[in-house]
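Trainee: For reference, the structure I am asking about is given below.
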Amino acid sequence: MKGNNDVTLLARGKRKEELLTHGLVLHHSLQRKQSSDTVRVIESLHPDDYYDVIFVTMKYCDFPTVIEPLAKNSSSKIIFIGNQIDAASLERELQKKSVHPKKIYFGFQMTGGTNTDKGISVLRFGKGQLKLGSLHTDFDITTLLDTIFDGTNYTWAFEPNIDSWLKSHAVLIMVQNSFEYLYNFSAREIRKTSDLSQPAIALKEAFDLLEIAGNDLLPKGQKTFFSHPRLSKLFYTIYYRLPVNALVQGSFKEIHSLINTFQHYQTISSPQLDSLLRAAKEKYEKSQEQLSSAS
């Protein structure tokens, strides 16, 4: 909006009411400030609602729920933003169901945050940034993106191998969040009772599986660092002593979905990884059964 764009946000239920009542309110954790903006809100996407570009910002497990309305909509440029481990299937499904062919792109916003009772807390270092790319050789929205973000305190960067980049990141957060979930996302509990060798070794095993499947590990610095369990263990030892870890927790529903998709990469035995993912998955599924029984 600060770039003089005409912005519409699709939201439903409680989130829609919050936006209509208070506007888009964000608490910027590191900057110690709050921003508030008034934005137009809709609750459904109709076939004849045309937009120059649609940014789909959702959890990985929720992307399939928007395929139908996107397929029927007349807008041609769609950018999926978020954790992604099987971009090709998502693109294929949307193209197959679309009335008109779409230009589909994938990206990741380089910020973190949590949705709390007090609102959305955002974790960002410096300017916000968006990594973007295509599964194909043509990337023809550079001018459009430059125009959209012109005049804003925000940048975007082209990633030529966005598929491998997204897979590398998804595996990283899948392993880390699975480990944290077993300790109820409590850094204090992790420091008291856990062996940080497990996520360090599990992460290397997960990256090995990605490489076996023909994917690059990106960014390259991440490969250099996390492919060595000793370095990873040192990182986690420091990380779980910092308050920042409490600001980047995700939803385990999303992680559970990532684990299910990642199973087709598990072509060889990976003891630490298999044990970690199995334990986290079983804990989550048991909790859902208990919720279902209680209701």
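Trainee: By average Cβ neighbour count within 10 Å, what is the ranking of 37-47, 86-96 from highest down?
Mentor: My ranking of the peptides, most packed first, is 86-96, 37-47.
Trainee: Would you kindly work out the equivalent ellipsoid of the stretch 124-244 from its C-alpha gyration tensor and give its semi-axes, the square roots of five times the eigenvalues, largest first in whole Å? Could you put the intermediate results ahead of the total?
Mentor: Details: eigenvalues 201, 76, 23 Å².
Those come to 32, 20, 11 Å.
Trainee: Within the stretch 79-107, what residues put their amide N at less than 14 Å from the label point 7 Å along the Cα-to-Cβ vector of residue 213?
Mentor: 84-90
Trainee: Related question: In nm, to one decimal, how far is the modelled label at residue 50 from the one at residue 279, with both set 7 Å along Cα→Cβ?
Mentor: Going by the 7 Å Cα→Cβ label model, 5.6 nm.
Trainee: For mean projected area of the Cα convex hull in nm², one of (i) 40.7; (ii) 21.3; (iii) 16.7 was computed from the structure I shared and the rest are decoys. Which label?
Mentor: Answer by label: (iii).
Trainee: For the modelled label position 7 Å from the Cα of residue 100 along Cα-to-Cβ, which residues of the stretch 4-20 have backbone nitrogen atoms closer than 20 Å?
Mentor: Output list for this probe position: 6-8.
Trainee: Label residue 239 and residue 7 with points 7 Å out from Cα along Cα→Cβ: what is the distance between them in nm?
Mentor: 3.0 nm
Trainee: What nm distance separates the two modelled labels at residue 67 and residue 191, each placed 7 Å from Cα along Cα→Cβ?
Mentor: Going from the residue 67 label point to the residue 191 one covers 4.5 nm.
Trainee: Sticking with this one: In angstroms, what radius of gyration and Dmax does the stretch 1-121 have, counting Cα atoms only?
Mentor: 15.5, 46
Trainee: May I ask for the longest run of the chain untouched by chymotrypsin sites (Phe, Trp or Tyr not before Pro) that are loop-located per DSSP and have at most 14 neighbouring C-beta atoms (other than their own) within 10 Å?
Mentor: 126-295
Trainee: Would you mind checking the pairs 167/204; 14/127; 59/286; 192/283; 14/72 and listing those with alpha carbons more than 18 angstrom apart?
Mentor: 14/127; 59/286; 192/283; 14/72
Every read-out reported here was derived from the displayed coordinates using simple, explicitly stated rules and does not represent laboratory data. These numbers come from a predicted model, not from an experiment. Because the Cβ atoms are built from the backbone with ideal geometry, glycine has one as well, and the counts that use them run over all protein chains shown.
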